[in-house]
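Please read the structure below before turning to the comments.
The values are calculated or read from the model by the stated rules, or taken from the named source; none is laboratory data. Please read all numbers here as calculations on a predicted model, not as lab measurements. A quick note on method: Cβ atoms are made from the backbone with ideal geometry, for glycine too, and the neighbour counts reach across all protein chains shown.
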Amino acid sequence: MLGRVNRPGNTGAVGRGTARGQTPGLIEAHELTKRFGDKVAVDHLSFTVEPGRVTGFLGPNGAGKSTTMRLICGLDRPDAGTAAIGGLAYHQLARPLATVGALLEARSAHPGRGARNHLLFLAQTQGFPARRADEVIDLVGLRDAARKRVGGFSLGMTQRLGIAAAMLGDPRVLLLDEPGNGLDPEGIRWVRTFMRQLAAEGRTVLVSSHLMSEMSVTADHLIVIGRGKLIADASTQEFIQRSSERSVLVRTPDPARLRKLITAEGGTVASEDSADGVASLAVTGIAAPRIGELAASASVVLHELTPRVASLEEAFMELTADSVEFGDASAGAGGANRGAR
Amino acid sequence: MTAAQAHSAAELRTAEPAGPPWHGFGRLLQAEWTKIRSVQSTVWSLLAFVVVAVGFSTLIATVISHDWNAPGNHPNHAELLADPTAVIFGAGLGLGQLAICVLGVIVITSEYSSGTIRASLLAVPKRIPMLAAKALVFAAIDLVASAVAVFAVFFISTAILRSHVSITLSQPGVTRAVIGAVVYLTVLGLFALAIGGLIRHTAGAIAIVIATVIVVPPLVGLIPGTIANHVHGYLPTVAGQLVAQTSQQPGDVTSGWQGFGVFCAWTAVLLAACGWLLVRRDA
């Protein structure tokens, strides 16, 4: 189903769609700023998106994710700053659809037009052969609906049509704004596999979402924004680790001695509960193996020793809550994560 | 980067779609043609235009012919003899042109209402070539449909009236007027398209175009005085329609082709404004 797509047009020219000396497929946003009236939607946002991995673009609703993507694609003009793909602004791309595929909003096709004709006219603008329209229709599994009018499509089918349009030029850069919207669980799994495969092929994949759980299984790297500002830019693993304090659950019948040992090592202990003479402690500041060693050296009996990792969802809530509550205080957290890259 | 990744990246670079540099305006014409023909509302609007124009003209010609000898009809005869095309075209094309106005508007506003504009501008981010291709393709379709309608109206109406009055293309000014009607309707479509591109909302744009074409001219015409008379004469469609007259009438401020030039100037300015805003506004 996800077989490699035939490439349209001639092949051979190297680096078309890339400025001299630039990394092909690298997305760079530099101090991007966009205001709508007196509301700042995107606020001096700088980041890069590397090829070869899925980069999740996270933020609560209204954080500026869609606007940022529209700025990258030149649909909106920034009030300040620049966005470049392979060193070129979007409008400088020779054949934009052969470099960048974008799924920005589900509704971008005329309801009275057939799905194939929508893809056909897009292919024609780039000089792609008409069979490309059929190829991408097959790619997203819309063959049976190819001649049907888009107005009769479900949201999921519309989304697939959008993905087909994005794949038309077999681009090395993909910008997908909430691609899972409207898809059923099978469709969501399909999109996830699809994105992972595109990244594995060396493409740049930037995918926005407000669903952390989805990103935790899809994205290798995360760019988190809140109120148009960068909050975090880190690998998914790093993000979870750094965004949330990790604790270890320890159950022991001898809490007093263990507590002493742990605090002597610089850890902190919080009692959670105790039952039948066995206390549950939440230990932070010391990793589980070290707690085990300390307990063994002092012959303290442990009934349980479980590292507890915060979910991405929790990490995200914590970060964005920060940004909402303290505004500029979030810059510290973002800075720490950026420093860790 | 692993060896496998390096390999796939190299593969991507060499396999980058190339072909000639992106200067193919012909591709954009082809794409705009696909857009227009693949939406049923285009076909229906064009059909409505031809049917309304021909049907209404036939009705009027039949009524004139039937009542030819009715008492008190002589002023109509004089008008018909003085300016045959104005009478023949007046009713049918006057009504049919509204379909052209609507079509010109929706050719561009439907892109905004449906969101197609985003797909279009992602494909043609320089934007102006897209507008130029759209205008050219629509003008060509409009020209063909107008030619069909105008010649059908002319030949059917003159055939109906033949027993009373002979009107042929060889008479002075008649061919000019027939061709004038075709080009007027063609430019009218572009005029509507430009306003559609400026307003970007179907209902609002149609209201403005219809007002400009049929509401404003008679109201301005009511204002007395030479200044008002000149303002009236230079209104887009008032000036533009003169070219479809057989001969110059006493109240006309300009000649037929001059008036058509005025109409073209209005349209060119509006199209330029449309393009200027297209590249500056967020899509």
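Any idea which of A:Thr18, A:Thr99 is outside the structural domain of A:Ile231 (by TED's automatic domain parsing) and crowded, with 22+ Cβ neighbours inside 10 Å? Before the answer, list the steps.
Details: A:Thr99 fails: outside the structural domain of A:Ile231 (by TED's automatic domain parsing).
A:Thr18 is the lone residue from the list that is outside the structural domain of A:Ile231 (by TED's automatic domain parsing) and crowded, with 22+ Cβ neighbours inside 10 Å.
From (1) free of Cβ contacts under 8 Å to residues at least 12 places away in the same chain; (2) over 18 Å from the mean Cα position of the chain (by Cα), pick out the condition that doesn't hold for B:Val215.
Checking B:Val215 against (1) free of Cβ contacts under 8 Å to residues at least 12 places away in the same chain; (2) over 18 Å from the mean Cα position of the chain (by Cα), the one that fails is (2).
Among the candidates B:Ser113, B:Ser57, B:Ser38, B:Ser65, which residue alone is surrounded by fewer than 21 Cβ atoms within 10 Å (Cβ to Cβ), away from every other protein chain (no Cβ under 14 Å) and over 18 Å from B:Leu190 (Cα atoms)?
Sole residue among the options that is surrounded by fewer than 21 Cβ atoms within 10 Å (Cβ to Cβ), away from every other protein chain (no Cβ under 14 Å) and over 18 Å from B:Leu190 (Cα atoms): B:Ser65.
Looking at (1) in contact with a Leu (Cβ under 9 Å, 6 or more places away or on another chain); (2) within 14 Å of chain A (Cβ to nearest Cβ), can you tell me which one B:Thr202 breaks?
It is condition (1) that B:Thr202 fails.
Of (1) more than 9 Å from chain B (Cβ to nearest Cβ); (2) charged (D, E, K, R); (3) over 30 Å from B:Val279 (Cβ atoms), A:Arg149 satisfies all except one. Which?
(1)
Give region B:94-149 a look and list any residue that's of a type in the set (A, V, I, L, M) and outside any helix (DSSP H, G or I), or say none. Don't jump to the end; show me each part of the working.
The first filter runs over region B:94-149 and keeps only residues of a type in the set (A, V, I, L, M), leaving B:95, B:98-100, B:102-103, B:105-108, B:117, B:119, B:121-124, B:128, B:130-133, B:135-137, B:139-141, B:143-145, B:147-149.
Once the filter is applied, which keeps residues that are of a type in the set (A, V, I, L, M) and outside any helix (DSSP H, G or I), region B:94-149 yields only B:Val124.
Checking the structure you have, find out if any residue of region B:1-8 is more than 12 Å from chain A (Cβ to nearest Cβ), at pLDDT below 95 and out of contact with any Pro (no Cβ under 9 Å at 6 or more places or on another chain).
Within region B:1-8, one or more residues are more than 12 Å from chain A (Cβ to nearest Cβ), at pLDDT below 95 and out of contact with any Pro (no Cβ under 9 Å at 6 or more places or on another chain).
Could you tell me which of the residues B:Leu131, B:Leu103 is closer than 30 Å to A:Ala94 by Cβ, modelled with pLDDT of 95 or more and within 14 Å of chain A (Cβ to nearest Cβ)?
B:Leu131
I need the helices (runs of 4 or more DSSP H) fully contained in region B:189-262, keeping only those with at least 2 residues that are closer than 23 Å to B:Phe154 by Cα and out of contact with any Pro (no Cβ under 6 Å at 6 or more places or on another chain).
B:236-241
Residues of region A:59-96 being closer than 28 Å to A:Phe316 by Cβ, surrounded by 22 or more Cβ atoms within 10 Å (Cβ to Cβ) and over 21 Å from the mean Cα position of the chain (by Cα), which ones?
A:Pro78
Output yes when any residue across region A:145-155 is in contact with a Leu (Cβ under 7 Å, 6 or more places away or on another chain), buried (at least 18 other Cβ atoms within 10 Å of the Cβ), more than 18 Å from B:Ser110 (Cβ to Cβ) and free of Cβ contacts under 8 Å to residues at least 60 places away in the same chain, and no when none is.
no
Which condition number in (1) more than 9 Å from every other protein chain (Cβ to nearest Cβ); (2) under 19 Å from A:Leu161 (Cβ atoms); (3) not polar (S, T, N, Q) is the one that A:Ile85 fails?
Answer for A:Ile85: the failing condition is (2).
Would you please list the contacts, defined by Cβ atoms under 6 Å and residues six or more apart or on different chains, that run from a residue in region A:202-231 that is within 14 Å of another protein chain (Cβ to nearest Cβ) to a residue that is surrounded by fewer than 21 Cβ atoms within 10 Å (Cβ to Cβ) and among the hydroxyl-bearing types (Ser, Thr, Tyr)?
Cβ pairs passing all conditions: A:Gly202/B:Ser8.
Output the number of residues of region A:58-77 satisfying the condition of being farther than 21 Å from B:Ala119 by Cβ and in contact with a helix residue (DSSP H, G or I) (Cβ under 7 Å, 6 or more places away or on another chain).
Final tally of qualifying residues: 3.
Considering only region A:94-111, state which residues are at the interface with chain B (Cβ under 7 Å from one of its Cβ atoms) and in a loop (DSSP other than H, G, I, E, B).
A:Ala94, A:Arg95, A:Leu104, A:Glu105, A:Arg107, A:Ser108, A:Ala109, A:His110, A:Pro111
So if I check each of B:Asp83, B:Asp67, which one is in contact (Cβ under 8 Å) with a residue 12 or more places away in the chain and of a type in the set (D, E, K, R)?
B:Asp83 is the lone residue from the list that is in contact (Cβ under 8 Å) with a residue 12 or more places away in the chain and of a type in the set (D, E, K, R).
Okay, residues lined up against (1) modelled with pLDDT of 95 or more; (2) under 30 Å from A:Ala130 (Cβ atoms); (3) more than 10 Å from chain B (Cβ to nearest Cβ):
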| residue | (1), (2), (3) |
| --- | --- |
| A:Met1 | no, yes, yes |
| A:Gly9 | no, yes, no |
| A:Thr18 | no, yes, no |
| A:Pro24 | no, yes, no |
| A:Thr33 | yes, no, yes |
| A:Gly37 | no, no, yes |
| A:Val49 | yes, no, yes |
| A:Phe57 | yes, no, yes |
| A:Thr67 | yes, no, no |
